[in-house]
Every structure is written in structure tokens, then in C-alpha cells.
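Comments concern the structure below.
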Amino acid sequence: MKIRDIMTINPVTVNMDTDLLVIKEIFDHVYFHHLLVEDETDNTIVGVISDRDLLSALSPYIHTASETARDIETLKKRAHQIMSRQTDTVTPTTDCNIAIKRMLDADISCLPVVDDNKVIVGIVTWKDFLRNFLQHQ
């Protein structure tokens, strides 16, 4: 089986200068756990932000009565300041077993799917593999 058979196409992306407030709002309103960071000049992959990356960057006091000016300033940080500079990617034609091995070896939970020019075409996560497994039982 190939990645193209299970990947999510047209993933939500942000650019390196997207601020954490926007990233937080995206994660607050969606069911997925990863955002791909792209170079807005050529749509190539430059990094990945997980919801855990965002949570570790935010103060626990944001949007509470204890919120301070410093907490609010945190939301002005940019994507490039918290993203994982993901270098491992797969293509739609990558064998799923190869992708699973890469994810396990690197202890990561997603891989950006790119074309031959490193332009983002999708994302594959551990949930995609589990969903596929259950569908083919």
C-alpha cells in the first residue's frame, strides 16, 4: 500500500511568521494535532507544529483571571520559534511500511507528504495507519 492511499490531502498549513494566537485558534477549532509550516514563497515544507509544541510554548494562565501581560506577549511569538524543523518527508508513492518504520525510528507521529519539489501535498499520521488497519481487518 502507498501513502497516497491513506494520506490526508490539502492539510492546514501556516507560514513561519504566523503568530501563536492564530495557531492556538486553529488547534482550538479542529480535530487534528499537527500543522505543517510552509515557505510561503514556494509552498515547500519547512517544519511541523504539534499541539504539544504549542502547549509547551504557552503559559497555563492564558485566557484565565491570572493572565498577565507576559502571558499575552507569548501569543505574539511566531511559528518558526516553536516548530520542529522537520526534515523527514514522504511522497505519495512511498510504501506505507517504510513510512511507519521512519516514524517509529524517529519517534514522531506524522510525516509531511511532498511532491518531487518538496511542495506539500498532504500529511500522514499514526491515526491514518490505524484507521487503514481497522478498515482492512
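Here are the numbers:
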| read-out | value |
| --- | --- |
| Search result, residues across region 1-26 that are without any contact (Cβ under 8 Å) to a residue 60 or more places away in the chain and surrounded by 19 or more Cβ atoms within 10 Å (Cβ to Cβ) | Ile23, Lys24 |
| Residue match in region 68-91 (condition: over 21 Å from Leu20 (Cβ atoms), at pLDDT 95 or above and assigned to a loop (DSSP other than H, G, I, E, B)) | yes |
| Failed criterion for Lys24 (all others in (1) part of a strand (DSSP E or B); (2) more than 12 Å from the chain's Cα centre (by Cα) hold) | (1) |
| Odd one out for Asn117 among (1) part of a helix (DSSP H, G or I); (2) touching a residue at least 12 places away in the same chain (Cβ under 8 Å); (3) exposed (fewer than 12 other Cβ atoms within 10 Å of the Cβ) | (1) |
| Residue list for region 76-107, restricted to those being touching a helix residue (DSSP H, G or I) at 6+ places or on another chain (Cβ under 8 Å), surrounded by fewer than 18 Cβ atoms within 10 Å (Cβ to Cβ) and among the aliphatic types (A, V, I, L, M) | Ile100 |
| Scan of region 92-114 for residues that are under 16 Å from the mean Cα position of the chain (by Cα) and part of a loop (DSSP other than H, G, I, E, B), ordered by number | Asp107, Ile108, Ser109 |
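The values are calculated or read from the model by the stated rules, or taken from the named source; none is laboratory data. All of these numbers come straight from a predicted model, not from anything done at the bench. Here Cβ is always computed from backbone atoms with ideal geometry, including for glycine, and neighbour counts include all displayed protein chains.
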